[in-house]
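Q: I'd like to ask some things about the structure below.
The values are calculated or read from the model by the stated rules, or taken from the named source; none is laboratory data. Note that the structure is predicted; figures quoted are calculated from it, not measured. Positions of Cβ are generated from backbone atoms using ideal geometry, with glycine treated the same way; all protein chains shown enter the neighbour counts. The area values use the complete protein model at the heavy-atom level, side chains included, leaving out ligands, DNA and RNA. Shrake-Rupley method; radii C 1.70, N 1.55, O 1.52, S 1.80 Å.
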Amino acid sequence: MSKRDYYEVLGVAKDASERDIKKAYKRLAMKYHPDRTEGDADLEAKFKEVKEAYEVLTDSQKRQMYDQYGHAAFDQNGGGGHGGFGGGHGDFGDIFGDVFGDIFGGGGRRQSRQQRGSDLRYNMELSLEEAVRGKEVEIKVPTWVSCEPCDGSGAKAGSKPKTCPTCHGAGQVQMRQGFFAVQQTCPTCQGTGSVISDPCNSCHGQGRVEKTKTLSVKIPAGVDTGDRIRLTGEGEAGMHGAPSGDLYVQVSVREHPIFTRDGNNLYCEVPISFTTAAIGGEIEVPTLDGRANLKIPAESQTGKMFRMRGKGVKSVRSGSVGDLICKVVIETPVNLNDRQKELLKELEESMGADNGKNRPKAQGFFDGVKKFFDDLTK
């Protein structure tokens, strides 16, 4: 009986892409696969026909020969002298696993992957000055490190791990349940792909031991609360020589008694006397670089902000420097003696005689209050 055209078998055009061919095969393979057709000979024959067409059309060399010579290209007897590619096509499982590997785990041919060690976190608290200027800090971290006697292999010196006899190095085994295939971690080697028959006495076959490491951490200038510094490869060592994880140093900056930080700017409250606020003057304010003079203009009100450029924090990312913003707070005198009280009363009386010229806000407020009560009585 003559064979049907392979493109017709799969229901695709002759210029179909490999992706379209695979999609067509998946659909037909699921329809005609023997696990689903319960031994129906006709449907099994159709599956073989579909499988054969797929094998040819997804092989670029075979497809080229087929397009040129048709089925004669694969005639074991020569087919017009063009040479054959052999008659057998293997069992159902081989090609089925190739196409459906993304669903069922690669047909058991995927290689094992070593499990890298866990990442670690170290919480570091810094003063504002340390965070702004940066520093080098020595820390102690309890962790797992690679075993030196066996160099992380887990095997005693002079021996080495052997390929797992159960999964043959794949690290996984496949369990078939009718039409479906389920891939699981190999129970013998726990996914490593190898077994250790003669374990190292130091690490007992793990390839790593517990140890407290001492590390020097360079804190860059300008870090702030919430910043993380990654030390690559300084986390836990992996099992059986697998790569180490990373260590993340989590920065937290303590509250400062004078300054409050917001990004690259610093804020502070500066108390000034009533006299300085009224007639102006120059006061000394703190900065992270030392003392600095701040000029207070006459008639300054409490809460007024003064910006001192370049006296803030240098950004750890952009290198730009923030400002120091000083908020002046007028301090009410306390513990006055009799003479001081008399002088303040005289001052109060002298200002009252100027019809609110010296206290415009107060005058405006009381004028508003008077109008409010007058309107109520109307």
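Q: Sort the following peptides by mean Cβ neighbour count (other Cβ atoms within 10 Å, averaged over residues), highest first: 4-12, 157-165.
A: 4-12, 157-165
Q: So for each of 240-253, 133-146 I average, over its residues, the number of other beta carbons within 10 Å; can you give me the resulting order with the highest mean first?
A: Per-residue Cβ counts within 10 Å, averaged per peptide and sorted highest first, yield 240-253, 133-146.
Q: Using Cα positions and a limit of under 24 Å, work out the lysines in reach of K14, with same-chain residues fewer than 8 apart set aside.
A: Partners found: K3, K22, K23, K26, K31, K46, K48, K51, K62.
Q: Heavy atoms only, probe 1.4 Å: what % of the accessible area of the stretch 259-331 goes to carbon and sulfur, would you let me know?
A: With neighbouring chains kept in place, the figure for the stretch 259-331 is 45 percent.
Q: I'd like to compare 298-304, 267-273, 310-316: which one has the highest average count of other Cβ atoms within 10 Å, and what's the full order after that?
A: Put in order of decreasing packing, that is 310-316, 267-273, 298-304.
Q: Please give every one of the lysines within straight-line cross-link reach of K341, meaning a C-alpha to C-alpha distance under 22 Å, and leave out same-chain neighbours fewer than 8 residues apart.
A: none
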